[in-house]
Structure formats: C-alpha cells, structure tokens
Amino acid sequence: MTGSLLSLPYLFVIPSLTFCITVAYYLYQHTSPLPYPPGPKARNFLTGNWGQFPAGEKVYLKYIEWGRQYGSDLIHMEAFGQHYVVINSFKAANEILEKRALISSSRPFTLMDEFGGWGNVLGLLPYADRWRNFRKLFHQNFRPNGAIKFRPVQLEKIHRFLRDLLGPYDGFMDCVVTMSESIAFATMYGYDITSHQDHLPRSARQALGVVEQGMLPGFDAYIHLPFLRYLPSWFPGGGFKTLAKGSRTCIEEIKEVPSGKYSLVGELLHTNNGEINAFPDKVDIVKNMGVTTILASSDTTSSQIGTFILAMALYPDVQRKAQRELDQVIGTNRLPSFEDRPSLPYIEAVYHEVMRWIPVIPFGLPHNTTEPDVYDGYYIPKGTSLFANIWAMNHDENVYEDPDKFIPERHLGPNGTAVTGGINSILTYGFGRRVCVGRHVADATVWMTIACLLTVYDIFQTKDRDGKEIELDVNDCYHFGAFVFPKSFPCKISPRSESAERMIRDTSTIEYEGLRVGN
Ligand code: HEM
C-alpha cells in the first residue's frame, strides 16, 4: 500500500495539481480595480517575481533605490501567489503598521516555521488568541515595572563582561555575545553561561540561522505552498524539512532546560501565581516564553552593543564628550547605576544614535495583513507580508542630516540637556502591536553597557607596526544579512586608568540583590 502511494505518478501528479490550484487561487485574489504598489515587473504568470528578489548583503539599499525609481513609499513583489510589500517611509509605516494595526499585525507562518518548531515562539505566531495570551504573559513580565526585576542579573553580567574585557579573549564580540546570552539564560532559567561556545547558546544560534533567510522579502515564498508538506525531505523542494528538523531539535532542547527557583520560568512554574494560573496551558506557555526570550534577545542586544563599540572607535570626540559627562555626574570612583540615567542626557543620546545608526534587524519582522487594505491608491491584498524598511527610515536624509554619520547631538533638544523622544521613538524596535515586547529589558542592557564601558574603558582604533592607525570601514565590520551582525573588527579596549582597572576587578566582590541565579 505504502509502496503504491509513493509511486512515481503520485509523486508528480498530485503535487503538480495542488500547485496549479494553489497558484490559480492566489492569482484570483486580486479582486480590486486598484493597482498593486509599483515594483519590478514579474517574469511570468506562475512564479511571479521569484528569482528577482534582492539577495546577498544590504538588500534594503535596493528597495530604497527602487522606491526612488518608482516614486513610491511602497514596493510590491509577488511569488507563487504570495505578496510582499516593502515600506520605505516612516509616514507609510506609521499609517499601515500603527494606525491600521488591527489588520496588519499577523505573521507569515510557513511550513518551515511549522516543521522547525517555531509554532510556539511569540515572534512568529499569527495574530490570534494564542498570540494574545502569550503576549499578555510577556507584557506582564517585560513591561517597564516588570523588567526592573531583571536589573541585578543585568548588572552582574555586564560587570562580568567588564572583567572579561581585561583579557585574554579571542575577539571582543565573543565577550559581548557571552554577556548578552548569559543575561537571557540566567534570567529565564537561572542557568549560568560562561562562554558563547556553550552548547545551549550554540543551539539557539543554530535555530535562528535556519529562519534568518525567511526574514528577507521573498525568500519564504515557495515554503507557503501547501503541497510541500507532503514531499519527502530527499525530494526536490522538500529539503527544507531537514533544515527544519535541526531547528526543532534545538528549540525543544532549550524548552526543556531545567529552571532554577530564582529564575522567571522557575518562578512562574512553581509558584501559585493567580494571573499565570488563569492561562489554560500554563506550563507550555511559560516554557515557550523562556525559549522565545533566548531566541529573541541575544543576537539583537549584542549586535547593538557591537555597534556602540565601533562608533566609539570611529568617533573619538563623541567618546571623550560622553566620558566627560560621566566623570562630571558620577565621578571616577564608582560604576553607573540605573538611577543615574536621567542625569546623563549625552549618554542617552549616544544610545539613541546607536539604535538608529545600524539597526540589527533592518527589515524588522514581517507583518501579515489579515484583511485587504488600500494605501495611497494602491491595493494590498489580504495575506500580504509587509516589511518595514527600518534602515531606510533611520537613514532618511529628510529627517537626519548626514544619516551615515554617528552624531548623538541630533537626539538632543535645543538646550542640549534633554533627549527628544523616548523608547517608542526608536524604530529599530519595530511597529504597532508587534513592537518588540522585550525592548525595556534590551534598553536597560544596552544603556547600562554603554555607560559602564565608557566609565572604565577607552576604545581606540588599533595601530599597525609602523604606529599608523588601521582604518576601520563600517562596510567591512558587519555581516549585513537579515540580521546585521558585527564582526570582531580590530580595535583596542583598555582601562582608562589604574583606578578604573581596580574598579573593574572589584566588581567580582559585589553582592547582587533581587532575582538570583541558580537554586
Ligand atoms: C536591542 C535589542 C533588540 C532589538 C533591536 C529588537 C528588535 C525587535 C524587532 C524589530 C522586533 C519585530 C517588531 C515588529 O514586528 O514590528 C522584535 C520582536 C520581538 N522581540 Fe525584540 N529586540 C531586541 C531585544 C529583545 C529582547 C531582549 C527580548 C526579550 C524578551 C525581545 C523579545 C522580542 C519578542 C518576543 C518579539 C516578538 C513580539 C511579537 O511578535 O509580538 N527582543 N524585536
């Protein structure tokens, strides 16, 4: 029986028929007399723009170029009946993703996500009740008041990072990644990561690597085709199942990390918390919150911190000015505390500029429409994947003069003391109802790392044997994919003084209060 079902005619005829019916159905969807937004002309009727989606590094630049060429804030492309719209301007993103959030807050959920074990990761869930419950749990724990409980662990790990930077280390980004991952594992599970090479963080990065391509417009198009689920992994088109299986294993493994009593997952699972008991599938949802946090927080946070280090190496005047502010406000005998933040407007401006200059997810995560929409006379069908071109918005010359330059002053008000716009003005955290739910934790980690590093370290470009500065080019310092991730570019990070070095070493004796790590 099995043999006859898998015989060759079935393998070809059934998929081909399903394929044609699916494509015909998708094509039939264009019921509006209005045109789609402009974009490159599709090559053919069936596969649409498949093969024309920009690939390689910095694909967001191509969409900026097309935006100018077509004179539109929106660029439309389509493949196998799946529609994609890239939004190049803040005005359009604000209108479509914020004001019309009711119909623009879902996610494309592909077979890769389903087979890869991403079905319970908040960031990929479609806009429905499960997402609402899940987001509520996140919100309760990650909103500004909730996020305060993570601060002792954040401080402890940032201080350990300062000690790690005394050396020896291979590349400074290894220390950054270890710090970021250790905050996530310690707060969620009470589990101590001492190196980014540990097995669990490596698993997390492996799972992320599998979905990274799908975060660029067009790359997931074929994986929407329902018949692919029936193909064996060895069959052309079914290969995604092998990749997906690897990702599922990693996700399941992280989900089952034993949680210590003083971790968030442990606390929610083991205490009789009224609010959390109200969730029908408490255990599952709490465990998935842990996994989601591990996957969503590490690379994002460490990329922005790497960007800060690059900015300081390239802009020594900014560094000196920021250090002057720190020296004046907190002196040179102690490390910054979270309470110092309102008194340090220039450090705040540096943080805002870090988040603007090189956004870690330049296209954010795709938002899918759940109803047809019209913007500026263009038709956007139901089910379209909307990509906010955050890079384009953060580098819009009409808003930011010399957008490629790192200029913290652009965030300061006229008297130079107040920063314009709070966390909600940082587009790098995304839009509307899907805006980054962990942003208050990320904000605290990135800000505190900036303040601590500048208090005790100087960051320089390195010199060659002849004493000449090795020039850094931003273009060489990153992997510019769906995630923009810094490489360990050459730079020197050394204590500002002997007393600064003592302060760094003395952090090993600090007792951190509040949420503890371990059992
Ligand atoms: C600097 C660090 C971070 C950046 C730049 C960042 C950025 C983003 C962006 C762009 C999105 C997609 C927003 C959208 O769809 O419009 C997102 C979603 C998300 N982020 Fe972050 N993130 C950071 C850190 C974190 C941390 C520390 C957590 C920890 C919990 C986190 C958890 C999430 C989750 C769960 C989502 C999915 C939200 C949803 O789909 O409802 N992120 N983030």
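General observations
- Of note, residue 177 satisfies the criterion of being closer than 30 Å to residue 500 by Cβ, modelled with pLDDT of 90 or more, aliphatic (A, V, I, L, M) and touching a Pro at 6+ places or on another chain (Cβ under 9 Å).
- For the stretch 92-120, the set of residues classified as closer than 23 Å to residue 362 by Cα, surrounded by fewer than 21 Cβ atoms within 10 Å (Cβ to Cβ) and away from the ligand (no atom under 13 Å from the Cβ) consists of 95, 99, 100, 103, listed by residue number.
- Complete set of residues in the stretch 429-438 that are out of contact with any Cys (no Cβ under 9 Å at 6 or more places or on another chain) and within 6 Å of the ligand (Cβ to nearest atom): 431, 434, 435, 436, 437, 438
- Condition met for residue 387 (surrounded by 17 or more Cβ atoms within 10 Å (Cβ to Cβ), more than 16 Å from the ligand (Cβ to nearest atom) and outside any helix (DSSP H, G or I)): no
- Test: residue in the stretch 485-492 that is within 16 Å of the ligand (Cβ to nearest atom) and touching a helix residue (DSSP H, G or I) at 6+ places or on another chain (Cβ under 8 Å): yes
- Condition met for residue 123 (within 14 Å of the ligand (Cβ to nearest atom), within 30 Å of residue 239 (Cα to Cα) and not basic (Lys, Arg)): yes
- When residues of the stretch 284-330 are limited to those that are under 22 Å from residue 437 (Cα atoms) and aliphatic (A, V, I, L, M), the one nearest to the ligand (Cβ to nearest atom): 296
- Criterion (within 11 Å of the ligand (Cβ to nearest atom), basic (Lys, Arg) and part of a helix (DSSP H, G or I)) met by exactly one of 135, 68: 135
- Check on residue 474, within 11 Å of the ligand (Cβ to nearest atom) and either on the phi > 0 side of the Ramachandran plot or surrounded by fewer than 19 Cβ atoms within 10 Å (Cβ to Cβ) (or both): no
- Residue check, residue 156 more than 12 Å from the ligand (Cβ to nearest atom), part of a helix (DSSP H, G or I) and surrounded by fewer than 17 Cβ atoms within 10 Å (Cβ to Cβ): no
- The strands (runs of 3 or more DSSP E) located wholly in the stretch 415-519 that include 3 or more residues which are over 30 Å from residue 367 (Cα atoms) occupy 457-461, 491-495.
- Exactly one residue among 399, 360, 374 is buried (at least 20 other Cβ atoms within 10 Å of the Cβ), touching a residue at least 40 places away in the same chain (Cβ under 8 Å) and either within 30 Å of residue 73 (Cβ to Cβ) or within 15 Å of the ligand (Cβ to nearest atom) (or both), and that residue is 360.
- Selection status of residue 279, farther than 25 Å from residue 423 by Cα, more than 10 Å from the ligand (Cβ to nearest atom) and either hydrophobic (A, V, I, L, M, F, W, C) or modelled with pLDDT under 95 (or both): yes
- Hits in the stretch 352-376 (condition: within 25 Å of residue 397 (Cβ to Cβ) and part of a loop (DSSP other than H, G, I, E, B)): 358, 359, 360, 361, 362, 363, 364, 376
- Residue count for the stretch 224-236, restricted to those that are under 26 Å from residue 59 (Cβ atoms) and out of contact with any Gly (no Cβ under 7 Å at 6 or more places or on another chain): 3.
- Lone unmet requirement of (1) more than 17 Å from residue 444 (Cα to Cα); (2) away from the ligand (no atom under 12 Å from the Cβ) for residue 144: (1)
- Residue in the stretch 453-465 that is within 30 Å of residue 506 (Cβ to Cβ), within 15 Å of the ligand (Cβ to nearest atom) and crowded, with 22+ Cβ neighbours inside 10 Å present: no
- Subset of the stretch 80-91 (residues that are modelled with pLDDT of 95 or more and either part of a strand (DSSP E or B) or surrounded by 19 or more Cβ atoms within 10 Å (Cβ to Cβ) (or both)): 83, 84, 85, 86, 87, 88, 89, 90
- Taking the conditions (1) more than 9 Å from the ligand (Cβ to nearest atom); (2) under 22 Å from residue 314 (Cβ atoms); (3) modelled with pLDDT of 95 or more; (4) not charged (D, E, K, R) in turn, residue 446 satisfies each one other than (1).
- Considering the stretch 403-428, the residues that are among the hydroxyl-bearing types (Ser, Thr, Tyr) and within 16 Å of the ligand (Cβ to nearest atom) include one that is farthest from residue 357 (Cα to Cα), namely 425.
The values are calculated or read from the model by the stated rules, or taken from the named source; none is laboratory data. Computed from a predicted structure; not experimentally measured. Because the Cβ atoms are built from the backbone with ideal geometry, glycine has one as well, and the counts that use them run over all protein chains shown.
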